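The values are calculated or read from the model by the stated rules, or taken from the named source; none is laboratory data. Bear in mind the structure is a predicted one, so any value in this text is a computation, not a measurement. FYI the Cβ positions are ideal-geometry reconstructions off the backbone, even for glycines, and counts take in every protein chain you see.
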Amino acid sequence: MPNDLANSLDAALRQRARQVIPGGLWGHLNAANLPEGYPQYFVSAEGCRLRDADGREFVDFMCGWGPMVLGYRNPMVEAAARRQAEQGDAMNGPAPVLVELAETLVGMIPHADWCLFQKNGTDATTACVTIARAGTGRRKVLVARGSYHGAAPWCTPSLAGVTTEDRAHLLHYDYNDAASLQVAAEEAKGDLAAVIVTAFRHDMGRDLELPDPAFVRAAREICDVTGAALILDDVRAGFRLHLGGSWEGIGVRPDLAAYSKAIANGHALSAVTGNDRFREAATRIYTTGSFWCGAVSMAAAVATLNELRRLDGPAHMRAMGERFRTGLAALAARHGVGIRQSGPAQMPLVLFEDDADARKGAAFCSAALRAGAYFHPRHNMFLSCAHQAADIDLALQAADAGLAAVARMG
């Protein structure tokens with residue numbers, strides 16, 4: 001942490017946390033893994049602005065790691081959540097809003113004949129795999145190398161505490177490589193339950209890849225021929241790229257899909273959607289959680305989805321992302337700094353040429369942070385419907401400072 005923050009409230013909170021929380025914090029939320037000067041603790045947020053514990057304000061390009069699709073504290077969403085909270089949240093059974101939300105999702109997502117609700121993305125992806133195995137009576141699941149599907153033993157990126165048996169029935173292929181997918185399917189030898197695929201390739205710290213339509217069609221064909229389930233992991237991208245599912249533009253529909261992040265604009269919720277082939281299997285598996293029928297998050301989700309539809313949220317986020325991408329490319333050219341921009345405009349990643357040790361990315365993000373924009377050096381970022389042209393332009397001013405810092409590195 002730089003000298004001006006050495007005695008900050010953020011630093012004091014980190015010190016206190018280390019005494020009572022292993023490592024101070026967990027996983028990707030641990031700011032110790034980010035460049036110098038990044039805050040760990042935040043006290044308020046509104047729209048696309050974020051304020052840290054020391055009072056610094058940023059134009060935010062992480063949106064709470066994705067959930068804030070309409071922006072922080074969206075008035076319509078929060079009003080819906082308050083109305084439901086006044087009536088009840090976690091009760092002995094669900095509130096009527098459960099049915100309303102299920103009807104909303106089934107009406108919005110073309111492949112969906114039914115849906116189930118959970119709390120986290122990991123809940124949803126794990127339920128998809130379980131339903132696929134129940135519906136097919138098979139065990140093997142094809143997973144792309146390096147893909148992230150959550151934090152359960154079957155898919156977590158860490159091997160600590162994970163046994164070989166936890167992953168005994170996973171087979172791997174390379175994203176966007178139809179030939180490797182076919183090889184993995186053949187290795188399953190009649191025991192193939194599912195192929196799980198992220199909406200696009202979003203591995204940490206490498207260029208993002210949009211799905212090759214030929215690869216997506218190959219995945220669909222393999223599942224059609226073998227009777228396996230095609231699972232779309234739309235946890236990260238869902239409702240940002242297309243309201244009907246991220247592959248609607250390709251024209252390929254999954255059997256099962258997992259959603260979370262943007263579904264309720266920051267209220268904890270996830271969902272599995274599926275077609276009628278797997279409806280009966282979904283009734284036989286056992287999944288539950290004490291808070292899975294929480295009505296407040298469901299009311300927030302109904303309001304979020306309706307507002308996204310009213311605004312054509314994906315189109316707005318794409319326009320703002322393209323404004324940022326075009327402006328950043330022009331600034332990088334002016335500074336003589338080589339950058340690579342990849343991924344959907346709504347979920348951009350910025351990496352630097354000749355930056356194997358990530359020093360340029362760290363310098364860029366630290367300088368931009370000091371100038372008022374919260375970017376990420378390795379993870380895809382997120383646009384929201386709260387980002388407007390003026391916010392993008394302020395972020396580009398901060399990016400200008402970041403690129404200047406990189407240019408000074410020589």
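One residue stands out among those in the stretch 198-234 that are small (Gly, Ala, Ser) and either more than 27 Å from ALA134 (Cβ to Cβ) or surrounded by fewer than 19 Cβ atoms within 10 Å (Cβ to Cβ) (or both): the one that is modelled with the lowest pLDDT, which is GLY205. Can you say whether GLY150 is surrounded by fewer than 23 Cβ atoms within 10 Å (Cβ to Cβ), small (Gly, Ala, Ser), in the same structural domain as VAL197 (by TED's automatic domain parsing) and under 22 Å from the mean Cα position of the chain (by Cα), as far as the supplied structure shows? Yes, satisfied. Taking the listed residues ALA301, ALA386, the one that is in the same structural domain as ARG236 (by TED's automatic domain parsing), hydrophobic (A, V, I, L, M, F, W, C) and in contact with a Leu (Cβ under 7 Å, 6 or more places away or on another chain) is ALA301, with no other qualifying. Any residue at all in the stretch 158-171 that is in a loop (DSSP other than H, G, I, E, B) and within 27 Å of ASP207 (Cβ to Cβ)? Looking through the stretch 158-171, at least one residue is in a loop (DSSP other than H, G, I, E, B) and within 27 Å of ASP207 (Cβ to Cβ). Restricting ALA237, ALA268, ALA282, ALA258 to residues that are assigned by TED's automatic domain parsing to the domain that holds LEU105, part of a loop (DSSP other than H, G, I, E, B) and crowded, with 20+ Cβ neighbours inside 10 Å narrows the list to ALA237. Looking across the stretch 378-399, the residues that are in contact with a helix residue (DSSP H, G or I) (Cβ under 8 Å, 6 or more places away or on another chain), among the aliphatic types (A, V, I, L, M) and not in a loop (DSSP other than H, G, I, E, B) come down to ALA389, ILE392, ALA395, LEU396, ALA398, ALA399.
All told, ARG318 meets the bar of being outside the structural domain of ALA188 (by TED's automatic domain parsing) and over 17 Å from ILE196 (Cα atoms). Return a yes/no flag: does the stretch 317-339 have any residue that is buried (at least 18 other Cβ atoms within 10 Å of the Cβ), among the small types (Gly, Ala, Ser) and in contact with a helix residue (DSSP H, G or I) (Cβ under 7 Å, 6 or more places away or on another chain). Looking through the stretch 317-339, at least one residue is buried (at least 18 other Cβ atoms within 10 Å of the Cβ), among the small types (Gly, Ala, Ser) and in contact with a helix residue (DSSP H, G or I) (Cβ under 7 Å, 6 or more places away or on another chain).
Listed here are the residues, each with its yes/no results for (1) of a type in the set (A, V, I, L, M); (2) not assigned by TED's automatic domain parsing to the domain that holds GLY205.
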{"position": "ALA11", "(1), (2)": "yes, yes"}
{"position": "ARG14", "(1), (2)": "no, yes"}
{"position": "GLN19", "(1), (2)": "no, yes"}
{"position": "PRO22", "(1), (2)": "no, yes"}
{"position": "ASN30", "(1), (2)": "no, yes"}
{"position": "LEU34", "(1), (2)": "yes, yes"}
{"position": "ALA45", "(1), (2)": "yes, yes"}
{"position": "PHE58", "(1), (2)": "no, yes"}
{"position": "ARG82", "(1), (2)": "no, no"}
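In this structure, is VAL195 among the hydrophobic types (A, V, I, L, M, F, W, C), touching a strand residue (DSSP E or B) at 6+ places or on another chain (Cβ under 6 Å) and without any contact (Cβ under 8 Å) to a residue 60 or more places away in the chain? Against the criterion (among the hydrophobic types (A, V, I, L, M, F, W, C), touching a strand residue (DSSP E or B) at 6+ places or on another chain (Cβ under 6 Å) and without any contact (Cβ under 8 Å) to a residue 60 or more places away in the chain), VAL195 qualifies. For the stretch 353-393, what are the residues that are crowded, with 18+ Cβ neighbours inside 10 Å, among the hydrophobic types (A, V, I, L, M, F, W, C) and more than 24 Å from ALA237 (Cβ to Cβ)? ALA362, ALA363, PHE364, ALA367, ALA368, LEU369, ALA371 - these are the residues of the stretch 353-393 that are crowded, with 18+ Cβ neighbours inside 10 Å, among the hydrophobic types (A, V, I, L, M, F, W, C) and more than 24 Å from ALA237 (Cβ to Cβ). Taking the stretch 320-377 as the range and being charged (D, E, K, R) and either assigned to a helix (DSSP H, G or I) or within 23 Å of ALA390 (Cα to Cα) (or both) as the test, the residues that pass are GLU322, ARG323, ARG325, ARG334, ARG359, LYS360, ARG370.
Among residues of the stretch 252-269 that are acidic (Asp, Glu), those with a beta-carbon under 8 Å from a residue that is part of a loop (DSSP other than H, G, I, E, B) at least six positions away or on a different chain give the pairs ASP255/HIS111; ASP255/ASN275.
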